[in-house]
Each structure stands twice: as structure tokens, then as C-alpha cells.
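The values are calculated or read from the model by the stated rules, or taken from the named source; none is laboratory data. None of these values were measured; they are calculated from a predicted model. Note that each Cβ is placed from the backbone with ideal geometry, even for glycine, and that neighbours are counted across all protein chains shown.
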Amino acid sequence: MKSVLAAAVAAAALAGPALAAGPALTHGQLVTRADAICVRYDSLLAAPPGIDGELGDPAYDRAWVRLFERQRAALAALKAPARDRAAYARLLRTIPAIRDAFQALTGAIEAGQPVKSWRPLSNRLRASERMADNAARAS
């Protein structure tokens, strides 16, 4: 499940571009840099450094959220080109939903409640968003 969340973040990061200070990136630069951020955080989110635990262990869950927030901040620091700005802003607004879903899931696990299913954010993307993600990865 941890890797599903990391994959959802990676997929979402490429669906659109950013809002930060400094010169705007080109579309290709934005995709490359967002992908690099997601790749860098993928292994960290799969196994937060210094934490011997797993999904549902409070220390692990808190470490995961801290890493996730750092990743979100790194993505938010990218400045999208004008053509991608609105899409990237929408993307950045979806990222807290991933964190909230993770916290709801881990809260249920920590409370010993059965978890019947998990539908990651990436599965909720519309076909056009999936196509945009695939196109961004290809360019």
C-alpha cells in the first residue's frame, strides 16, 4: 500500500505544472524536475529512514507524512510555465487528499479496524488526466 501512495504522488506530479517564485520552467523541465522529486521520495516513502516499522505503526505513519509534506513542498516550489500553470495548481490542490487518505487509512489500521479496500488517487484520475500524464512522461 505504501508504494501505491508513492506511485499516486508520482503520477499526479506529472499530470500538470507549478506556482513558485523565480523563472518559469519549460514544460519539459517541469516534467523532468517533478519526476526527479517523485523518484527521490519514492524509496524514502517506501521505507522512511531511521524508522523500523510498517504501515499502521504510529512512528512510521508520522515519518511518512513528514516526508510526504517535504515532497509536496518540493513540488510546490517548481514554477510552471504559463501554459501549465492552471493544471499544476489543480494538481497541487489534490496532493493534500493523498495525505488525508493515508492518515485515514493508517488511523483505521492503528485502531485495529478492518480495511476492506484502498482506492488510490491515481485510480481516480479521469481518462484525460491519465492521457496527459502519459504524454508528459513521453515528452
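Given the condition under 19 Å from Gly28 (Cα atoms) and among the basic types (Lys, Arg), answer yes or no: does some residue in region 68-82 qualify?
yes
Of all the residues that make up region 67-91, how many are of a type in the set (A, V, I, L, M) and buried (at least 20 other Cβ atoms within 10 Å of the Cβ)?
Residues meeting the conditions: 4.
So that you can scan it fast, the table gives a plain yes or no per residue for (1) part of a loop (DSSP other than H, G, I, E, B); (2) modelled with pLDDT of 90 or more:
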{"position": "Ser3", "(1), (2)": "no, no"}
{"position": "Val31", "(1), (2)": "no, yes"}
{"position": "Asp35", "(1), (2)": "no, yes"}
{"position": "Ile51", "(1), (2)": "yes, no"}
{"position": "Phe68", "(1), (2)": "no, yes"}
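Output the number of residues of region 105-129 satisfying the condition of being basic (Lys, Arg) and at pLDDT 60 or above.
Within region 105-129, residues that are basic (Lys, Arg) and at pLDDT 60 or above number 2.
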